[in-house]
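The values are calculated or read from the model by the stated rules, or taken from the named source; none is laboratory data. Everything numeric here is computed off the predicted structure, so don't read it as measured data. Reconstructed Cβ throughout: ideal geometry from the backbone, glycine too, with neighbour counts over all protein chains shown. Keep in mind that these areas ignore ligands, DNA and RNA; they rest on the heavy atoms of the full protein, side chains included. Shrake-Rupley method; radii C 1.70, N 1.55, O 1.52, S 1.80 Å.
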Amino acid sequence: MRFVQRDWLSSNLFVFFDGEGDAREATVVDTGYHRHSAQTVALVAHLLAREGLGMDRLRRIVNTHLHSDHCGGNLALHQASGARVTVPASMLDSVRRWDNERLTFQDFRQHCERFPAHDGLAPGDSLVLGGLRWQAHGAPGHDPDSLVLHCPEARLLISADALWENGFGVIFPELTGASGFAEQAAVLELIAALPVDLALPGHGPIITDVPAALARARSRLKAFRDDAHRSPRNAVKVMLKFMLLDHGRLPMAQALAELAGSRTVGGAAAQLGLTPDEALRRSLDELLAQGQLGLEPDGTLINLEPTG
Ligand SMILES: [Zn+2]
């Protein structure tokens, strides 16, 4: 297995090799954001070439979940290799129809090139990656359809955005009236009950002390549940920061107007008792004060820090 740690715009990427000789083939798990898709293809081609393999040996692309930063390289990788694309089974139909109501790209004001999906992976299914059997578990919370992949034999967990070194991804369902905190709590308990020595997250470094990461995640979740403003405030900041990570620079008025129309931002703002524009302006002030974004005299917002 090869693990490539990327940034916050593109999720971490995994390449697995199976089989011998002429039957040797590769699988990629998660493919980054579309803006990095040329880099993603080059990275995968390089890792295959090191094994003496051409891109035609990439046979499968697997997504832990369908956020734009985890599946944005799907189309480019599929086109470069012919690999089949495996998505969470509960999203298979939505991908095939490219259902913008269920896919989050449009609402998050992010972009993802439409890609084909060939099969689905459901909680309870298993697959062989790198000669080892991995079990898919449902990991709702951050995303209702997310999966994590666990290898009992090697005591490894691909934890996607359900567990990071410091926390986890935004609990999006809570922002639009659905449940997510209870699901996230259950996912943390599930991970705690699995035999895991190393967790490989969707963003950030490999987690070598899983119990400590679980403790940090639990305390973050508790803080969200104790202070109803904390999660929506954080979510609006994350979405604004992501937009600037994506575009680099944007007229402030344009960035705010685009995000103000998002149902997710609207839901977060409502929880804060604010209009979307007010919530966005407060988030912007915080991001400017933290030095995460800059504002030029002509009203152009610029991204300042490499991580969000
Ligand atoms: Zn995500």
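What order, most packed first, do the peptides 290-300, 255-265 have when packing is the mean number of other Cβ atoms within 10 Å of each residue?
In descending order of packing, they fall as 255-265, 290-300.
What percentage of the solvent-accessible surface of region 1-111, computed with a 1.4 Å probe over protein heavy atoms, is contributed by carbon and sulfur atoms?
Accessible surface attributable to carbon and sulfur in region 1-111 totals 45 percent.
Skip the ligands, DNA and RNA, and give the accessible area per residue of the chain with a 1.4 Å probe, whole Å².
Solvent-accessible surface per residue comes out at 40 Å².
At ARG59 and ARG114, where each label point lies 7 Å from the Cα along Cα→Cβ, what is the point-to-point distance in nanometres?
Simple spin-label model gives 3.0 nm for this pair.
Among THR31, THR104, THR64, which one shows the highest mean-square fluctuation when the chain is modelled as a Gaussian network with alpha-carbon springs under 10 Å?
The residue that fluctuates most here is THR104.
Among MET252, MET243, MET55, which one shows the highest mean-square fluctuation when the chain is modelled as a Gaussian network with alpha-carbon springs under 10 Å?
Among MET252, MET243, MET55, the largest mean-square fluctuation in the Gaussian network model of the chain belongs to MET252.
Describe numerically, in nm with one decimal, the distance between label points set 7 Å from Cα along Cα→Cβ at HIS247 and at GLN106.
The modelled label-to-label distance comes out at 1.9 nm.
How large is ³J(HN,Hα) for each residue in region 6-20, as worked out from phi by the Karplus curve 6.51 cos²θ - 1.76 cosθ + 1.60 (θ = phi - 60°), to whole Hz, x for Gly and Pro?
10, 10, 8, 7, 10, 5, 4, 10, 10, 10, 10, 10, 10, x, 10
Is there a quick way to get the dipole size of the chain? I mean about its Cα centre, with the Cβ of Lys and Arg at +1 and of Asp and Glu at -1; what is the value in debye to the nearest 20?
For this selection, approximately 60 debye.
Cα centroids of region 20-83 and region 226-278: how far apart, whole angstrom?
A separation of 32 Å, based on Cα centres.
Could you tell me what percent of the accessible area of region 230-303 is made up of carbon and sulfur, with a 1.4 Å probe and every protein chain present?
Exposed carbon and sulfur together represent 52 percent of the surface.
Over its Cα atoms, what ratio of radius of gyration to 2.2 N^0.38 Å does region 133-186 give?
Working it through for region 133-186, the quotient is 1.18.
In region 230-303, how does Rg compare with the Kirkwood Rh, expressed as the Rg/Rh ratio over alpha carbon atoms?
We get a ratio of 0.94 for region 230-303.
Return the Rg/Rh ratio of the chain with Cα-based radii and a Kirkwood Rh.
0.97
For the residue pair LEU132 and ASP285, what label-to-label distance in nm results when each label sits 7 Å from Cα along the Cα-to-beta-carbon direction?
4.9
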